[in-house]
Every structure is written in C-alpha cells, then in structure tokens.
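Here's the structure, in structure tokens; my notes come after.
The values are calculated or read from the model by the stated rules, or taken from the named source; none is laboratory data. Owing to the predicted nature of the structure, the values given are computational and were not obtained by experimental measurement. As a convention, Cβ positions derive from the backbone with ideal geometry for all residues, glycine included, and neighbour counts pool all protein chains shown. Keep in mind that these areas ignore ligands, DNA and RNA; they rest on the heavy atoms of the full protein, side chains included. Shrake-Rupley method; radii C 1.70, N 1.55, O 1.52, S 1.80 Å.
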Amino acid sequence: MAQLWGGRFTKATDQLVYDFNASIGFDQRFFAEDIAGSKAHVKMLAKQGILTEKERDDILAGLEGIQRDVEEGTLEITKEYEDIHSFVEANLIDRIGDAGKKLHTGRSRNDQVALDMRLYTRSQVQHTQKLLHHLLETILHIMEENTTTIMPGFTHLQKAQPITLAHHMGAYFEMFRRDEQRLGDIYKRMNYCPLGSGALAGTTYPLDREYTAELLDFFGPTQNSMDGVSDRDYLIEYLSALSTIMMHLSRFSEEVIIWNSNEYQFIEIDDAYSTGSSIMPQKKNPDIAELVRGKTGRVYGALMSLLTTMKGIPLAYNKDMQEDKELSFDAMDTANGCIQLFDGMLETMSFNKDRMEASAKHGFTNATDAADYLVNHGVPFRDAHGIIGRVVLYCIEKNIAIDDMSLEELKQMSPVFEEDIYDAISMDTCVNKRLTIGAPGKEAMEKVIESYKEYVQNCQNVF
Ligand code: ARG
C-alpha cells in the first residue's frame, strides 16, 4: 500500500477497505493524461515563481522518464498504489527526490482527476467523431451507387411505397450526421480546464489558470472551483450521445438482420463479417448486427448508472464520483467498437438488387400511385382509394401484381383506366416522380447526395 496520505492515521488501512477504495485497476487508462496535466501544472508553477526553473526541469525530466519507462514496459503500474496519481507522484519522488514532493503544490487529486477524466473523454469524443465520419463516407458511397436501385419502403414493417436503396441509406446518413454534430456541440461545452480548482475552493497560490488551460489546449479555465471538481455533465452528455448512436446502429442492425433473413434475401453479408452454426451447416448468421443491437443496452445502462450516481451528490467532490470511470470506459469501448465493426460490415455487404426490386413490385407498393392515376383522371381521392382497394384484393386472390392485370380486368374495376396506367404505376415512375426535397426520385436524391459529398469533404473536423 503506497498512499499519499497517512499522517493523521494511527492504524493501517484494512486490506479489504484498501482494495474497495483503490482505483488503480482502471484509472491507469489515463496515465498519459495524468502526466500531461502534471507537466502543464509544473510549467505554470515555475512561470509564477512558485517553483524554481531547476525544480521545474527536474520534475519534467522525471515525469518524462516515468512515461518512457511505462511505455517501454520497464516500469509496471501495480496495485501497490491506490490510484494513478499516487503511482506517478511516488515514482517521481523515488526518481528525483525532494523536488518531486513539490509537484502537488496548489493542486488536489480532486481537480487532478477532474482534469484527467476530461482530457481522456475529450480525446474519445474526437475518436468517436472520426469513426462516425468514416461511417458517413461508407453510407454515402452506397448512396451514390444506388440512386436507381428500387426497393420497398416500409411502415409497420409492411411494404408501403417504392423507394431506392440510396434513399433508405440517406436516412441513416442524416442520423449519423446529427450524431457527429452532437459530439461537436459536446466538445464546445466541455473544453474548459478544471485544473486549479484545488480540492474545492481554489488555492492561495497565485496560479495562472489561463496559462495551464492554454498549455492543455482548452478554451480557458472553468469558472467555479466547486463545479470544476464535481462536474461530470460532459460525461453524461457523451454517454447520452453514445446511447443515441447505439440506438441508430441498433435500428440499422435490425434492418440488416431482416434483410439477411431467408425470407428477404435483400443482402449478402460478407463471409468475413458473419459466423456459422456449430450444428446447422447451412447457417450464415448476422452475429455482428445482433451483437451491435444487443450491446446497445449496455451503453444505455452506463448512462442510467452515471445519472443515478450523480443525482444525490452534494457539492463538491465525493468519492461516489470514482464510479464514473469503469462504466464510461466500457461504454466508450463498446460504442466505438460497434461503429467500427458495423462500418466494416456495411462496406463489404452486397445488395441483391433484383430481389429488392421484385419485392417492391409484388407488395402493391404502387397502390398509392394507382389511386393517384385515377385522381388525375377526375376520380375523387376517396373513391379512387376504394377502387384500388378492390384491385388489390383481386390481385391477392389471383396472386398477381397490379401491373399483371390486363387492361380489360382493370377497366372492370373502373372505366377510367387506359393503356398509360402501366407506365404510371411502373416502379420507375413511382420512384422518380417523387421529386420534393428529401424524396427518393433520382433528381431529388442527386441534389442531396451533392450536399452530402460537400459535407463529408469539408467537415473533416467539426470541432
Ligand atoms: N480515484 C479518485 C477518483 O477517481 C481520485 C480522486 C480522489 N480524491 C479524494 N479526495 N479521495 O475520483
């Protein structure tokens, strides 16, 4: 047990208590951020005349040595230390002696951990944004190739109206673009430096908090030291954004699973992204999509856990906050992994275009357009709706599509039908006459695709 405190204690910590309290098992994840924060702090202390230049240089060299040794594997982060902050400080003192004891001047582990977690989360937010950006590129590529690939659009999971694959993919482009932008918003709000908040009430040392914030690439220092040490809103926002991303991925996964089913066969998942069954040789399972859908619950869980952990905490720092780490790390790893895996699956997936078009054709997805044809020839919409309803019933009984009916059969339903009905209800017409902004018609889609291309090329970095 190597602890940073103990002066006012007369007894050693019980081992179970020590283990229960320790965070080194998981907070070593932000070792690099802890070192970076300490380096900035020390530079600021020297600039303010609180440390000498020699002390600063010794500490910086010591910190760099620790970082190098850990990265090269010659120094191990062990459970002997309570947390990553103690590990770094104890090693620094071992290495450079008394100057090392000055590192913690004007600082508390409360603002230190607040800084480390914020720095780590900030880089994760950027990482998620990059992964999403790549996913957007993958989706856009599929869109560009499929502006004429007809498929059924669904409501209530029932075939509704014909759309194109580009149009369907475009809906996901919109979702993931909002997610990407949401991360940018979070970044803007979270990028303030809590270091210098002290334990809760700032410090009597003349710290230059603006300078430390600048060294660590923050927009500036946080403005209230109690909030500085106890704010975890940015994490909640990030977990909420990750939950929304997972919800989108989960909906998409559900569609992949349906499209991959024997009944649909709209897609073929690449062998590299599917798995087999130990007993049924014919199986090729969409496990990646199922796992992404399943892991969504885990990320939601992290958001609920942290909200619940935070809800009863009085100001300022309380040890409850140590609980922010494991669940957040798990959610970050899970969501980032899912984006990457899903992206790879999508990139390598092939689309069975003939099946998609045939499915649209045989699902009466042109029924609305058939009714519109009658309306355009003077039949009131409500009557047209009734006539086409009877047409559909007739087709179901005969197991045919509307287009398969002869003109004679159609005329029996309504004398208004003429030869041009076939062109009016062809899949191609149904889709390409829908040209309002956001609709699937080829010309409308092409305009949207142009704007997406511009977005993908120019918004590499939304921060
Ligand atoms: N491991 C602690 C955490 O994660 C670091 C801060 C400890 N501060 C304290 N006063 N005990 O929150």
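For each pair in 79/102; 295/442; 188/325; 295/447; 159/433, compute the distance between the two Cα atoms and list the pairs where it is over 28 Å.
Details: 79/102 24 Å; 295/442 36 Å; 188/325 22 Å; 295/447 36 Å; 159/433 19 Å.
Pairs exceeding 28 Å: 295/442; 295/447.
Please give the Cα centre distance for segment 9-57 versus segment 334-372, rounded to the nearest Å.
With segment 9-57 and segment 334-372 each reduced to a Cα centre, they are spaced 53 Å.
Measure off, as a whole percent, the carbon and sulfur share of the 1.4 Å-probe accessible area of segment 342-463, all protein chains present.
Numbers: 3360 of 6590 Å².
Using a 1.4 Å probe with all protein chains present, segment 342-463 comes out at 51 percent carbon and sulfur.
At what distance in angstrom do the alpha carbon centres of segment 158-190 and segment 280-315 lie from each other?
Segment 158-190 and segment 280-315 have Cα centres spaced 20 Å from each other.
Tell me the label-point distance for the pair residue 283, residue 271, using the 7 Å Cα-to-Cβ offset, in nm and rounded to one decimal.
1.9
For segment 66-105 and segment 389-439, write down the distance between their C-alpha centroids in whole Å.
Cα centroid of segment 66-105 versus Cα centroid of segment 389-439: 77 Å apart.
State in Å² the accessible area per residue of segment 30-76; use a 1.4 Å probe, count heavy atoms of protein chains only, and round to the nearest integer. Write out the running numbers ahead of the final one.
Working: 2110 Å² over 47 residues.
Averaged over the residues of segment 30-76, the accessible area is 45 Å².
Which trypsin sites (Lys or Arg not before Pro) in segment 244-331 pass both tests, a DSSP loop state and at most 15 other beta-carbon atoms within 10 Å?
Values: sites: 251, 283, 284, 293, 295, 298, 311, 319, 325; in loops: 283, 284.
Here the trypsin sites (Lys or Arg not before Pro) that fit, given the DSSP loop and packing criteria, are 283, 284.
Chymotrypsin sites (Phe, Trp or Tyr not before Pro) within segment 1-35: which are DSSP loop residues with at most 12 other Cβ atoms inside 10 Å? Mind dumping the intermediate values first?
Details: sites: 5, 9, 18, 20, 26, 30, 31; in loops: 5, 9.
Of the chymotrypsin sites (Phe, Trp or Tyr not before Pro), the ones in loops of segment 1-35 whose Cβ has at most 12 other Cβ atoms within 10 Å are 5, 9.
Sequence neighbours fewer than 8 away in the same chain don't count; with that in mind, list the aspartates and glutamates whose C-alpha is under 17 Å from residue 311.
The reachable aspartates and glutamates, counting only those whose Cα sits under 17 Å from residue 311, are 227, 231, 233, 237, 320, 323, 324.
So how do 220-229, 411-420 stack up, highest first, on mean other-Cβ count within 10 Å? List each step's numbers first, then the result.
Working: 220-229: 18.9, 411-420: 14.3.
Going from most to least packed, we get 220-229, 411-420.
Where only protein heavy atoms count, and the probe is 1.4 Å, what is the accessible area per residue for segment 152-258 in Å²? Could you put the intermediate results ahead of the total?
Values: 4330 Å² over 107 residues.
Here the per-residue accessible area is 40 Å².
Run the simple label-point estimate for residue 419 and residue 247 please: 7 Å along Cα→C-beta, distance reported in nm.
Modelled inter-label distance: 5.4 nm.
In square angstrom, what is the accessible area per residue of segment 279-427 with a 1.4 angstrom probe? It would help to have the intermediate numbers written out before the result.
Values: 7600 Å² over 149 residues.
Accessible surface, normalised per residue, equals 51 Å².
Which helices count as membrane-span-like in the chain under these terms: full DSSP H, at least 15 Å along the axis by C-alpha, Kyte-Doolittle mean of 0.0 or more? Could the numbers behind the result be given before it?
Values: long enough: 31-47 (24 Å, 0.08); 53-72 (28 Å, -1.13); 84-96 (18 Å, 0.55); 109-145 (54 Å, -0.54); 165-190 (38 Å, -0.85); 233-260 (40 Å, 0.47); 287-311 (36 Å, 0.25); 324-348 (36 Å, -0.14); 381-398 (25 Å, 0.42); 442-458 (24 Å, -1.15).
What comes out of the filter, once short or polar helices are dropped, is 31-47, 84-96, 233-260, 287-311, 381-398.
Please sort by residue number the GluC sites (Glu not before Pro) in segment 1-93 whose DSSP state is loop and whose Cβ has at most 15 other Cβ atoms within 10 Å. Spell out each step's value before the answer.
Values: sites: 33, 53, 55, 64, 71, 72, 76, 80, 82, 89; in loops: 76, 80, 82.
Qualifying residues, ordered by number: 76, 80.
If I model a spin label as a point 7 Å beyond the Cα along the Cα-Cβ vector, how far apart are those points for residue 404 and residue 211 in nm?
8.2
Which aspartates and glutamates have a Cα lying under 19 Å from the Cα of residue 11, excluding residues fewer than 8 positions away in the same chain?
19, 80, 82
Rounded to the nearest 5, what is the percent of antiparallel bridges among the DSSP beta bridges in the chain?
Details: 9 of 12 bridges.
Restricted to the chain, the bridges split so that about 75 percent are antiparallel.
Quick check: net charge around residue 162, other residues with Cβ under 15 Å of its Cβ, Lys/Arg +1 and Asp/Glu -1? Don't jump to the answer; show the numbers that get you there.
Details: positive: 159, 353, 355, 361, 433, 434, 442; negative: 354, 357, 369, 372, 403, 423, 428.
Its environment carries a net charge of 0.
Rank 118, 182, 8 by accessible area, highest first, at a 1.4 Å probe radius?
Working: 118 10, 182 80, 8 190 Å².
From most accessible down to least: 8, 182, 118.
If you stretched the chain out fully between residue 126 and residue 354, how much longer would it get, using 0.36 nm times the residue separation minus the C-alpha to C-alpha distance?
On the way: separation 228, 0.36 × 228 = 82.08 nm, distance 3.99 nm.
The span from residue 126 to residue 354 would gain 78.1 nm if fully extended.
Determine the shape class of the chain: with a ≥ b ≥ c the square roots of the Cα gyration tensor eigenvalues, call it rounded for a/c under 1.5, and otherwise prolate if a/b is greater than b/c, oblate otherwise. Don't jump to the answer; show the numbers that get you there.
Working: a/c = 3.33, a/b = 2.76, b/c = 1.21.
Prolate.
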